[in-house]
1. Can you give the net charge of the other residues whose Cβ lies under 12 Å from the Cβ of ALA104, counting K and R as +1 and D and E as -1?
2. Heavy atoms of the protein only, probe of 1.4 Å, neighbouring chains included. What is the accessible area of MET268 in Å², nearest 10?
3. First select every other residue whose beta carbon is under 10 angstrom from the beta carbon of SER160; then total the charges, Lys and Arg +1, Asp and Glu -1.
4. Please work out the Kirkwood hydrodynamic radius for the stretch 52-145, using every pair of different C-alpha atoms, and report it in angstroms with one decimal place.
5. Rank-order 296-305, 123-132 by packing density, defined as the average count of other C-beta atoms within 10 Å over each peptide's residues, highest first.
6. Heavy atoms only, 1.4 Å probe, whole protein assembly: order ARG59, ARG320 by accessible area, highest first.
7. Kindly report, to the nearest 10 Å², the accessible surface of ASP171 as traced by a 1.4 Å probe over protein heavy atoms only.
8. What ranking of LYS177, LYS138 comes out by heavy-atom accessible area, probe 1.4 Å, highest first?
Amino acid sequence: MRKFTAVLAAISVLFFAAAFAEEPMSFRDAVEAAGENAAVGGDIDYLAVAAEKDGRYFRTVTILDDKAKELYMAAMAADAPGAVHEAFEAYAWSLPVCYTEEIAVKPKDQAELDAQVGKTVGELAEQGYSHYGDGGGKGFPTVVDMSSGLFLYAFEVDASFEEYLELDGWDGLKNLKVKSGKLCGFYMNATNLDYLADGTYQPQVVPNYTAEEAAAADSVPPLEEYSQRAWPLTAEGYADLQNNPDARYGQVYMVEGVVHQVLSQSPMRLIVYTGEDGKSQPVVVEYPAQSSFNWEAGKSFRIYADVSSACYILPVLTARYTLFGQPAD
């Protein structure tokens, strides 16, 4: 049975503590370091910024905690959201960056865009481009913006401003011919985590467990027996977990790591860096019951936990046994 959607698709995901600055400690740091051509987006669960650096494309993600989610919902419900939204942004943008992944899908090169000259806007749509917007002005070219994958392109077309004003919606627009095209930047999907780094649309869904499966998962054997089934979260093991999430449902892992962020207190949910450097291989660890530990960022610990779900590209493991929890050196 399929336990949860394979949001950790078999793609090359690279994690960096800092892709755009020496050490971006917060989402605001990452946005400022990403530059003016970056795209910023998010929803109630996360914030993301997409940017280009040295010809490569990256997406940096911050996972929102319970307080940020409450501020987000307050802003959405407010009749005059200005001040409430500012409060959300001030807090949420101060949260730490969780990971940066390289965007595998690349924009179309200029030669490919040049090959569209002479085609109609409708023909571009048949090739997979989607209409995003259009406009023009007196003394300015008429431009049709089209998206493809995670990027946006501007196509100048053969219509004067006066002719553009006479167009009858899409029926008129689709017959215009392309004179030139260029890359504009990121499309909004670049900051939507339902789109994987390879451009594949893979929305996250609620895990589908039967009552029997849930009961079996909560029936945990003694530590000695449970720990014998544990796999280490080495670099190879982490990559395997990302690439085979469905197959690893219920698999026990020994997780040694450093708390990066506390997402919620009840139930307790943590982002933990499990890499040997203490800054990579993030996973979400959740406790099925109230934890007796007073978790905070920087604490290190060892737990035995089994794979229960996924939070976008992050594996989610349910903690069963915690062996220690001291501050990291």
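1. Details: positive: ARG56, ARG59, LYS106; negative: GLU101, GLU102, ASP198.
Net charge around ALA104: 0.
2. About 0 Å², ignoring ligands and nucleic acids.
3. On the way: positive: LYS138; negative: ASP158, GLU162, GLU163, GLU166.
With Lys, Arg at +1 and Asp, Glu at -1, the net is -3.
4. On the way: mean 1/r = 0.0563 Å⁻¹.
That comes to 17.8 Å for the stretch 52-145.
5. Details: 296-305: 17.7, 123-132: 14.8.
In descending order of packing, they fall as 296-305, 123-132.
6. Values: ARG59 5, ARG320 45 Å².
If we order ARG59, ARG320 from most to least accessible, we get ARG320, ARG59.
7. Number for this one is 90 Å².
8. On the way: LYS177 100, LYS138 160 Å².
So the residues, ranked largest to smallest area, are LYS138, LYS177.
The values are calculated or read from the model by the stated rules, or taken from the named source; none is laboratory data. In this text the structure is predicted, and so the values were computed from the model without any measurement. Glycine also receives a Cβ, built like all others from the backbone with ideal geometry; neighbour counts cover every protein chain displayed. Keep in mind that these areas ignore ligands, DNA and RNA; they rest on the heavy atoms of the full protein, side chains included. Shrake-Rupley method; radii C 1.70, N 1.55, O 1.52, S 1.80 Å.
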